[in-house]
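Since the structure comes first, as structure tokens, the remarks are kept for the end.
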Amino acid sequence: MTLNPSRPVRRADRPASFYDLPLDELEGRLREAGQPGYRARQLFDWAYAKLAPDYAAMTNIPAALRAELGETLPLAAMTPLRELVTDDGETIKTLYRTGDGQLVETVLMLYRERATVCVSCQVGCAVGCTFCATGLGGLTRNLSAGEMVVQTVDAARRAKELGRPLTNLVMMGMGEPFQNYAATMRFVGIIHDPNGLNFGARRITISTSGIVPKIDALAEEPYQVNLAVSLHAPNDELRSSLVPINKRWPVEELLAACDRYIAATGRRVSFEYALMAGINDGDDVARDLAALLRGRLCHVNIIPLNPVDVLPYERPDPAGIDRFAAILSDAGIPTTVRYSRGVEISAACGQLRGEHQSQRVEV
Ligand code: SAH
Ligand code: SF4
């Protein structure tokens, strides 16, 4: 049959799953249900440290409680629908279906030294960057913290099956994390908990298109996560034409927020730069970018564009990419070029389309 996405269910009507609950909230629930105090930690250990795939696997939990939890608190709020593998088995995309029929994508990338999961935080995106597939259909809805946790736990389990620990996490899938800030921070809190997955904050990178108030908010959070800012252009005219929210928070305000963040945290900011032929790849643009960023505790990550079939942008040729990177490096700006994984299976940056693809998914 063909899967037609149903209308999203309002958040208040969506049941919470186990993965939505931080340890203290789980403890509260279980205490109310008359369970002993240690039960929540036991469950957390099964779900996160042992990566149990379901309650049935949690063998030292009483069967009656397991059955009751299965009825009242499903472990996961969404389930994998299919998996696509490419890059000689080193890039694995999982397509999920949520409880209300939305489609969400997650990508696991295996490198020699690390295994990184790219997590989605929304179905679609309201920002609408002109070169990005996710933004094409606007925002359908935010994901819950639990829906982000599932992606992470499943990736950790998949990596483990392949004999690898999951080492890094990037919020660079579908959606704008800073337009779903509360759920994103709740998610970070859950996976960071040392009683559970114990995922180090320094191994987590949150990428934003530049929602200034939330950059300031992140600086106040207790977690030492990394911040990546999608800059893509050194001036307002060009940036506003690519990243529409630049009209609300222009380059100067964005960089001022980054400076406040660096001053408050002492942590380096990464600037992402999707390089597009004839758009933002000129030598003069590279020099302007270098001048703009000079003296900042930062790093530039050039992402050669992944062309999206219905959009007019193209990737520069390799010589053009090298030249742009060299101008930045020569000007003293730490620069790397990051080619996306998973291009063949539409798993690369900007290729995740979720709801759009659902029109074509056969299940
Ligand atoms: N919404 C957040 C995070 C998700 S996108 C953000 O915009 O930062 C992760 C990165 O991929 C961003 O830098 C984004 O601009 C970039 N990206 C989007 N579409 C792309 C494409 N077609 N090719 C290359 N990079 C793209
Ligand atoms: Fe949204 Fe990021 Fe895509 Fe822009 S690049 S539309 S902010 S997901």
Tell me, please, whether a residue that is touching an Asp or Glu at 6+ places or on another chain (Cβ under 9 Å) and modelled with pLDDT under 95 can be found in the range 203-220. no
Of the residues that make up the range 155-170, is at least one within 16 Å of ligand 1 (Cβ to nearest atom), closer than 26 Å to LEU311 by Cβ and buried (at least 24 other Cβ atoms within 10 Å of the Cβ)? no
Go through (1) out of contact with any Leu (no Cβ under 9 Å at 6 or more places or on another chain); (2) open to solvent by less than 10 Å² (accessible area, probe 1.4 Å); (3) hydrophobic (A, V, I, L, M, F, W, C); (4) within 13 Å of ligand 1 (Cβ to nearest atom) for ILE245 and report which single condition fails. (2)
Selection from the range 272-307 of residues that are within 23 Å of ASN226 (Cβ to Cβ) and away from ligand 2 (no atom under 16 Å from the Cβ): LEU289, ALA290, LEU292, LEU293, ARG294, GLY295, ARG296, LEU297, CYS298, HIS299, VAL300
Unmet requirement for VAL310, which otherwise passes all of (1) away from ligand 2 (no atom under 15 Å from the Cβ); (2) assigned to a loop (DSSP other than H, G, I, E, B); (3) exposed (fewer than 15 other Cβ atoms within 10 Å of the Cβ): (1)
Quick check on ALA348: is it of a type in the set (Gly, Ala, Ser) and more than 23 Å from the chain's Cα centre (by Cα)? no
All but one of (1) within 23 Å of ARG341 (Cβ to Cβ); (2) within 14 Å of ligand 1 (Cβ to nearest atom); (3) open to solvent by less than 40 Å² (accessible area, probe 1.4 Å) hold for GLY200; state the number of the condition that does not hold. (2)
Answer yes if at least one residue in the range 127-134 is within 16 Å of ligand 1 (Cβ to nearest atom), among the small types (Gly, Ala, Ser), without any contact (Cβ under 8 Å) to a residue 60 or more places away in the chain and part of a loop (DSSP other than H, G, I, E, B), and no otherwise. no
Report yes if GLY146 is on the phi > 0 side of the Ramachandran plot and modelled with pLDDT of 95 or more, otherwise no. no
Which count do you get for residues in the range 84-120 that are of a type in the set (Ser, Thr, Tyr), assigned to a loop (DSSP other than H, G, I, E, B) and within 18 Å of GLY175 (Cα to Cα)? 1
Taking the condition of being part of a loop (DSSP other than H, G, I, E, B), of a type in the set (D, E, K, R) and farther than 20 Å from ILE206 by Cα, how many residues in the range 263-291 meet it? 1
Kindly evaluate TYR96 against the criterion of being aromatic (Phe, Trp, Tyr) and buried (at least 19 other Cβ atoms within 10 Å of the Cβ). yes
Within the range 249-271, identify whether any single residue is within 13 Å of ligand 2 (Cβ to nearest atom), under 25 Å from PRO316 (Cα atoms) and either open to solvent by less than 60 Å² (accessible area, probe 1.4 Å) or not acidic (Asp, Glu) (or both), and answer yes or no. no
Output for the range 203-232, where each listed residue is polar (S, T, N, Q) and open to solvent by 20 Å² or more (accessible area, probe 1.4 Å): THR205, GLN224, ASN226
When residues of the range 26-83 are limited to those that are assigned to a helix (DSSP H, G or I) and polar (S, T, N, Q), the one surrounded by the most Cβ atoms within 10 Å (Cβ to Cβ): GLN42
Filter the range 153-210 for residues that are within 16 Å of ligand 2 (Cβ to nearest atom), part of a loop (DSSP other than H, G, I, E, B) and either over 28 Å from VAL243 (Cβ atoms) or touching a Cys at 6+ places or on another chain (Cβ under 8 Å) (or both) and give the result. MET172, GLY173, MET174, GLY175, GLU176, ASN180, SER209
Within the range 110-128, can one find any residue that is crowded, with 24+ Cβ neighbours inside 10 Å and among the polar types (S, T, N, Q)? yes
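The values are calculated or read from the model by the stated rules, or taken from the named source; none is laboratory data. Every value quoted in this text rests on a predicted model; they were computed, and no experiment measured them. Ideal geometry is used to build each Cβ from the backbone, glycine not excepted, and the neighbour counts take in all protein chains shown. SASA here: full protein model, heavy atoms, side chains in, ligands and nucleic acids out. Shrake-Rupley method; radii C 1.70, N 1.55, O 1.52, S 1.80 Å.
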